[in-house]
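The values are calculated or read from the model by the stated rules, or taken from the named source; none is laboratory data. Not measured: the values here are computed from a predicted model. No Cβ is skipped: glycine too gets one built from the backbone with ideal geometry, and neighbour counts run over all protein chains shown.
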Amino acid sequence: MSSADVFVHRLALNESESVGAGTRIWAWAHVLRGAVVGTDCNIGDHAFVEGGAVVGNGVTIKNGVAIWEGVTLEDFVFVGPNAAFTNDRFPRSPRHPEARARYLDKSWLERTLVREGASLGANCTIVCGVTVGRYALVAAGAVVTSEVPAFRIVAGAPARVVGSVCLCGDRLPTAGDLRCGRCGRAYYVHGADLAISD
């Protein structure tokens, strides 16, 4: 990859050597050395991607989002404006004399995985150590403290399942034939998740 393959706004800063072709990094965004960003991503104004974060292909990161070390976003994830991630469940300032020993290694780090195609609404919070399932939808302002099943909609604080969503983005019926009214895809229940019928 050459730098010509990546658009970096003149007011943005990209220190990573692992940013894929076709990715756009907009004004006042900052991608640190050690971050991995895939192809054809869009990183909005005032976003921050820390070293150790992994961003897949075709990901949209809207304005004001910080992606911390230990967070992985798979392909085609959407992260709405000001969504918040964490990576330390019991944080202390590493500069405090009593807390320094805790930060001598990475044992404090809790990883978060957002699976392919999931969408995270504006101002939601994803508490570290959880997985957001494939094509799930987290409502604006939700606080996610536990696993989010695939193709499910979660809302509230703490977030709870309130419905199901199709790969195309339309809401699915709550009972009976789980078929999308827009695209016609059919689904079946697989544990807590939904899965697309063959």
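State all residues of segment 120-140 that are assigned to a loop (DSSP other than H, G, I, E, B) and either under 18 Å from residue 72 (Cβ atoms) or in contact with a strand residue (DSSP E or B) (Cβ under 8 Å, 6 or more places away or on another chain) (or both); if no residue qualifies, say none. Residues satisfying the conditions are 121, 123, 124, 127, 128, 129, 130, 133, 134, 135, 136, 139. Taking the criterion of being within 18 Å of residue 148 (Cβ to Cβ) and of a type in the set (D, E, K, R), the only residue of segment 161-185 that qualifies is 171. Taking only segment 1-38 into account, find how many residues are β-branched (Val, Ile, Thr) and under 16 Å from the mean Cα position of the chain (by Cα). Residues flagged as β-branched (Val, Ile, Thr) and under 16 Å from the mean Cα position of the chain (by Cα) within segment 1-38 amount to 3. Considering 105, 75, the condition of being out of contact with any strand residue (DSSP E or B) (no Cβ under 9 Å at 6 or more places or on another chain), under 16 Å from residue 18 (Cβ atoms) and in a loop (DSSP other than H, G, I, E, B) is satisfied by 75 alone. Looking across segment 116-133, the residues that are touching a residue at least 60 places away in the same chain (Cβ under 8 Å) and closer than 13 Å to residue 150 by Cβ come down to 116, 133. Looking at the structure I just gave you, is residue 65 closer than 22 Å to residue 140 by Cβ, under 13 Å from the mean Cα position of the chain (by Cα) and either surrounded by 17 or more Cβ atoms within 10 Å (Cβ to Cβ) or not charged (D, E, K, R) (or both)? Against the criterion (closer than 22 Å to residue 140 by Cβ, under 13 Å from the mean Cα position of the chain (by Cα) and either surrounded by 17 or more Cβ atoms within 10 Å (Cβ to Cβ) or not charged (D, E, K, R) (or both)), residue 65 qualifies.
Does residue 147 satisfy the condition of being in contact with an Asp or Glu (Cβ under 8 Å, 6 or more places away or on another chain) and either surrounded by fewer than 20 Cβ atoms within 10 Å (Cβ to Cβ) or aliphatic (A, V, I, L, M) (or both)? Answer is no for this residue. Summed over segment 141-153, the residues that are part of a loop (DSSP other than H, G, I, E, B), at negative phi, in contact with a Leu (Cβ under 8 Å, 6 or more places away or on another chain) and hydrophobic (A, V, I, L, M, F, W, C) give a count of 1. From the list 173, 94, 149, the lone residue that is more than 15 Å from residue 73 (Cβ to Cβ) and touching a helix residue (DSSP H, G or I) at 6+ places or on another chain (Cβ under 9 Å) is 94.
Which one is surrounded by the most Cβ atoms within 10 Å (Cβ to Cβ), of the residues in segment 78-102 that are part of a loop (DSSP other than H, G, I, E, B) and touching a strand residue (DSSP E or B) at 6+ places or on another chain (Cβ under 9 Å)? Lay out the reasoning, then the answer.
Going through segment 78-102, the residues part of a loop (DSSP other than H, G, I, E, B) turn out to be 80-83, 86-99.
Going one step further and asking which of them are touching a strand residue (DSSP E or B) at 6+ places or on another chain (Cβ under 9 Å), we end up with 80, 83, 86-87.
On the way: 80: 20, 83: 26, 86: 18, 87: 22.
Among residues in segment 78-102 that are part of a loop (DSSP other than H, G, I, E, B) and touching a strand residue (DSSP E or B) at 6+ places or on another chain (Cβ under 9 Å), the one surrounded by the most Cβ atoms within 10 Å (Cβ to Cβ) is 83.
Within segment 172-198, which residues are more than 15 Å from residue 136 (Cβ to Cβ), loosely packed, with under 10 Cβ neighbours inside 10 Å and either touching a Lys or Arg at 6+ places or on another chain (Cβ under 9 Å) or modelled with pLDDT under 95 (or both)? Of everything in segment 172-198, those that are more than 15 Å from residue 136 (Cβ to Cβ), loosely packed, with under 10 Cβ neighbours inside 10 Å and either touching a Lys or Arg at 6+ places or on another chain (Cβ under 9 Å) or modelled with pLDDT under 95 (or both) turn out to be 174, 175, 176, 177, 198. In the set (1) in contact with a Ser or Thr (Cβ under 7 Å, 6 or more places away or on another chain); (2) under 28 Å from residue 180 (Cα atoms); (3) part of a loop (DSSP other than H, G, I, E, B), residue 113 fails one condition alone, (3).
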